[in-house]
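Notes follow once the structure below has been shown.
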Amino acid sequence: MPSFSVELLHPWHDFFVFMGTAAATLIGAMFVVASIGGGFLTRDRSPEIRAFLTPTVVHLATVLLGCALMLVPGLEAPSLVVLLGLGGIVGLIYSGLVGGRLVRRRIDFGDRVWYAGVPVCGYAVMLAAAVMIALRASVSLYTVAVAMALLLIAVIRNAWDLILFFVTQPRGPN
């Protein structure tokens, strides 16, 4: 793999457009989720917002920006390595902090897996993809795709979980 060029990324164009579009659409849907949960999302519930809602939007934004990055014309490998590597490292740190918050909560094991574990895996795969690109491994673009897919799958599940939670909350004065 000599370098990353428009020709090398051309077969991946539709994949990254699809993933980026899905992420952007889901970011818009998260505004709907926040509207549905408006009565629940109060200042005294900011720890819950930081633990569940904000990470979901952050992971969606990561997928959107990662896919946009992959579509930059003429992008060279060194730039891609640095940007994906930074994204992977920052994402791992952020997901670790979110996981730390979740450990202190009494929540289902499945929620711990989907809100913290799967995103940690996604960012670890993103970091691995950066290393593979630096090493010019032939599977590096597949690895980027797996990282984006892991994050997108996690946020789809988590957005659904948030909607189910919000619609089951009592409405109006109790």
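The values are calculated or read from the model by the stated rules, or taken from the named source; none is laboratory data. From a predicted model like this one, the values you see are computed outputs, not experimental measurements. These accessible areas exclude ligands, DNA and RNA; they are computed on the full protein's heavy atoms, side chains included. Shrake-Rupley method; radii C 1.70, N 1.55, O 1.52, S 1.80 Å.
Candidates [x] 15.4, 48; [y] 19.0, 53; [z] 17.6, 65; which is the computed Rg and Dmax of the Cα atoms in Å?
Read-out from the structure maps to [z].
Over the chain, give the accessible area per residue in Å² for a 1.4 Å probe, as an integer.
Per residue, the chain has 53 Å² of solvent-accessible surface.
With the full set of protein chains in place, find how many percent of the accessible area of region 60-153 is carbon and sulfur; take the probe as 1.4 Å.
Summing carbon and sulfur atoms, their accessible area is 75 percent of the total for region 60-153.
Given N residues in region 61-113, what is Rg(Cα) / (2.2 N^0.38 Å)?
1.54
Of all alpha-carbon pairs in region 83-174, indicate the percentage at a distance above 21 angstrom.
Of all Cα-Cα distances in region 83-174, 41 percent exceed 21 Å.
Would you mind calculating the relative contact order of the chain from Cα pairs under 8 angstrom and at least 6 residues apart, reporting the percent as a whole number?
31
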